[in-house]
Amino acid sequence: MTSPLMQVEDLSISFKINDKWCRAVNGVTFDIMPNETLCIVGESGCGKSITAMSLMKLLPDTARLGGHVRFGGQDILSLKERELEEIRGSRIAMIFQEPMTSLNPVLTVGEQIAEPLVLHKGMGWSEAKKEARNLLDLVRIPDAQKRLGQYPHELSGGMRQRVMIAIGLACRPQILIADEPTTALDVTIQAQVLALLEDIRKEQELSIVMITHDLGVVANVADRVAVMYAGDVVETGPVASIFDSPSHPYTQALLRTVPRADAAFELSPIEGQVPSIQKMPEGCRFAPRCKEETSKCNVTPKLSPGAHSVACWARGDIQ
Amino acid sequence: MKDLLVVEGLGKTFGSKKFLQAEYAVTALRNVSFTLGKGETVGVVGESGCGKSTLARCVLDLIEPTTGSVLFDDTDLTKLDAKAKRDIRSRIQMIFQDPYSSLNGKRTIGKTLAEPLWVHEGVKYKEALPRIHAVLKEVGLPVSAADKYPHEFSGGQRQRIAIARALILEPELIIADEAVSALDVSVQAQVLLLMNSIQKEHGLSYLFITHDLGVVRNFCDRVLVMYLGSVVESGPVAELLTNPKHPYTKSLRDAAPIPDISRRQSLALLEGEIPSPANPPSGCAFHPRCPRATDICRSEAPTLQSSDDQRMFACHNPEP
Ligand SMILES: Nc1ncnc2c1ncn2[C@@H]1O[C@H](COP(=O)(O)OP(=O)(O)OP(=O)(O)O)[C@@H](O)[C@H]1O
Ligand SMILES: [Mg+2]
């Protein structure tokens, strides 16, 4: 059996709001395997982005972190800023939803792609610029030579996202974290970018952690899935198993709320809304919206063992 | 079904008169025609920049079209004087995408809901209260919401408030521009079902602008597919999505990811990007991206033709 590239263990993230610590992420555990796409899916505010940021310890000082993020024999969460700098962008890279805000508007595309190579790989600028050209080819940007000299505002949203991917891949990282990389794009452009990421993952033997709220995207790109609700991973497993036999009441309900383009079917909403981190319910955080709530649900359920695991008192085999 | 809305030859070119001669004129909307029946929902889909919102704004008379007419209940909205316009405007309402910026943060929900009643009917707040309470209940909010401010509500609740504001004058037509796009799916389903039940109750018509074919499939009766300012295909939703005639419709459908593992596929790839409306391609605007394009497509713009019953499409080489 291959061993995980990264192990996230009992990760918790709290923020101090009005003098009270609020647990936004409530002790989540998952592995990232080599050369796979792991999708973290969930609705707005359920903690996907801060979970992703904490894999590189990128959270503001106001956040309190607990648990472990094991990677390459180290615990990322206990590393010093200087050690983190060496890992970020080099062995673990991240791309975001809105490339316009994460690209530097006054630097050319070429300069921005070359920068991490100069910083992390000790390349000279002219060598780095050459490599930047190769990277634009890798992300299939036509007319690469011309694009190198352009500024972000001269590019379309889809092209900007390709540039972000090129920057992310510059130092050949082992893990690429992509936070809603296609959410701001039109569907046809989204399809292009997803296909590109998939091709690159295979070519480069990369692991991708894809954060998304779109179950359609998950079904099409994931190898494994972690479903998050209100700061908990409530279900995780291989993608086929999650979609063929969803187990957690939240996963089941969520799948019934997505309108599908290929068939008309009865939408059934989940009543209520995701709780705010200041008002998290005790125990299972989904219980107040759950149709299968039991008397045990005021205690937080743990994920069951096994490849496809679920954290729910109404689902038998859990402690 | 009697048509509530008849749009004919609607076009909109942005740019000053001086600009019109220069190359800066941008045609955002080109010769768009469609009808909307009483109690019907017509969807408008297409990628960003295809003219969906310009179409909505022309219908609502927020901007003046360059060509064409908008008949609402047999009255041409483009030919009315200011007063007549205001009267008829109470019968057409709009809901926008962003439930955060479309409500005035300094006003209570009650005051926001009272405003259209004051503007159109001269009704004062106190007298308006029973109607405000009724409409809040109708959208599933407690009457106590009237005394609260927008920031006290979630995105889904704010969109309910926006629906309440649109409903309070009992309009016949609601134009929804990406009204559920910013919502989480669980809440989106709540709002869609609410809009459905309100439609049944009041016999409302919706013009529903969205980029989401899943929403179209499950919420609309008919749909217009737009590309670079023109309608490229239209028809009843189920037929159009099952058997698209225009290659663009087919590409859009095949690019929409379906949450079903048995449908996992490399999402069919449409190459390239939507061109700038300031510099549209010759012939059929879609030809540079079209897998079925032939010589004629590069030189001649196809016109809308009807295949059967209610299907229309503009393509020289339609899908079989
Ligand atoms: N710096 C911060 N201070 C306080 N609370 C924060 C901070 N950053 C995030 N949060 C809170 O933590 C929770 C999780 O946020 P996160 O951004 O991870 O959600 P998400 O799942 O990525 O949502 P979305 O789909 O909207 O991007 C939210 O309730 C958010 O308000
Ligand atoms: Mg996020």
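Things to note:
- Shielding by other protein chains, B:151-157, mean Cβ within 10 Å: 2
- Peptides A:302-315, B:161-174, ordered by how many other C-beta atoms sit within 10 Å of their residues on average, highest first, read B:161-174, A:302-315.
- FRET efficiency for the pair A:Leu119 and B:Lys2, taken as 1/(1 + (r/R0)^6) with r the Cβ-Cβ distance and R0 = 45 Å, rounds to 0.10.
- Couplings for region B:125-134, taken from phi via the Karplus curve 6.51 cos²θ - 1.76 cosθ + 1.60 with θ = phi - 60°, read 3, 4, 5, 6, 3, x, 6, 5, 4, 4 Hz in order; Gly and Pro are left as x.
- Normalised contact order of chain B, rounded percent, pairs of Cα under 8 Å and 6 or more residues apart: 20 percent
- Cβ-Cβ FRET estimate between A:Glu83 and A:Glu282, R0 fixed at 45 Å, reported to 0.05: 0.75
- Each Lys and Arg contributes +1 and each Asp and Glu -1, all at the Cβ; summed about the Cα centre of chain B, the dipole is approximately 720 debye.
- Amide H contacts under 5 Å for B:Thr66: B:Gly11, B:Lys12, B:Thr13, restricted to partners 5 or more places along the chain or on a different chain, H placed in the peptide plane at 1.01 Å from N.
- Selection among B:Pro142, B:Pro116, B:Ala166 by position relative to the dipole of region B:104-170 gives B:Pro142 as farthest towards the positive end (Cβ unit charges, Cα centre).
- Here the gap between A:Asn35 and A:Thr183, fully extended at 0.36 nm per residue and compared with their Cα-Cα distance, gives a gain of 50.9 nm.
- Long-range amide H partners of B:Val44 with built H, under 5 Å: B:Phe208, B:Ile209, B:Thr210, B:Leu224
- Note on A:178-191: average number of Cβ atoms from other chains within 10 Å of each residue's Cβ is 5.
- Considering all different alpha carbon pairs of region B:104-170, the Kirkwood hydrodynamic radius works out to 11.5 Å.
- Scanning residues 5 or more positions from B:Ile95 or on other chains, those with amide H under 5 Å from its amide H are B:Ile175, B:Ala176, B:Asp177, with H placed 1.01 Å from N in the peptide plane.
- Charged-residue dipole, Cβ positions (Lys, Arg, Asp, Glu), chain A about Cα centre, Debye nearest 20: 400 debye
- Distance in nm between pseudo-label sites at B:Glu239 and B:Leu129 (7 Å out along the Cβ direction from Cα): 5.3 nm
- Compared with the dominant principal axis of the Cα atoms in chain B, helix B:185-202 is inclined by about 70°.
- Computed over the protein assembly as shown, the convex hull of the alpha-carbon atoms projects to a mean area of 31.7 nm².
- Dipole of chain B computed with +1 at Lys/Arg Cβ and -1 at Asp/Glu Cβ about the Cα centre; of B:His211, B:Ala255, B:Cys315, farthest Cα towards the positive end is B:His211.
- Rel. contact order, % - alpha carbon contacts under 8 angstrom, at least six apart, region B:104-170: 43 percent
- Shielding by other protein chains, B:215-222, mean Cβ within 10 Å: 3
- Kirkwood Rh, angstrom, region B:41-182 [1 / mean 1/r, Cα pairs]: 16.2 Å
- Theoretical gain in end-to-end length, A:Phe265 to A:Ser245 [0.36 nm per residue, Cα-Cα removed]: 5.3 nm
- Region A:1-79 and region A:212-291: distance between their alpha carbon centers, rounded to Å: 19 Å
- Where only alpha carbons of chain A are counted, the Rg and the Dmax (Å): 20.3, 66
- Pairs over the 23 Å Cα-Cα cut-off, from the set B:Lys2/B:Lys200; B:Lys126/B:Lys148; B:Lys79/B:Lys200: B:Lys79/B:Lys200.
- Here the simple spin-label model places points 7 Å from the Cα toward Cβ, and for A:Gln7 and A:Lys20 these points are separated by 3.6 nm.
- Helix-only CD estimate at 222 nm, as mean residue ellipticity for chain B, using -39500 (n - 2.57) per DSSP H run (n ≥ 4): -9500 deg cm²/dmol
- For the Cα trace of chain B, dividing Rg by the Kirkwood Rh returns an Rg/Rh value of 0.99.
- For region B:104-170, the dipole from Cβ point charges (+1 on Lys and Arg, -1 on Asp and Glu) about the Cα centre works out to 180 debye, to the nearest 20.
- GNM flexibility winner over chain B from B:Ser144, B:Ser230, B:Ser33 (Cα, springs under 10 Å): B:Ser144
- Protection-proxy order for peptides A:180-186, A:203-209, each taking the mean of Cβ atoms within 10 Å per residue, highest first: A:180-186, A:203-209
- Per-residue HN-Hα couplings for region A:249-255 [Karplus 6.51, -1.76, 1.60; θ = phi - 60°; Hz; x = Gly/Pro]: x, 5, 4, 4, 5, 4, 5
- With both labels modelled 7 Å from their Cα along Cα-to-Cβ, the B:Asn317 to A:Asn298 distance reads 6.9 nm.
- For a label point 7 Å along the Cα-to-beta-carbon line of B:Arg292, residues of region B:232-266 with backbone N under 12 Å: B:233, B:243-251
Each value in this text was obtained by applying a stated rule to the coordinates, not by laboratory testing. As the structure is a prediction and not an experimental result, all values here were calculated from the model. We place every Cβ from the backbone using ideal geometry, glycine too, and count neighbours over all the protein chains shown.
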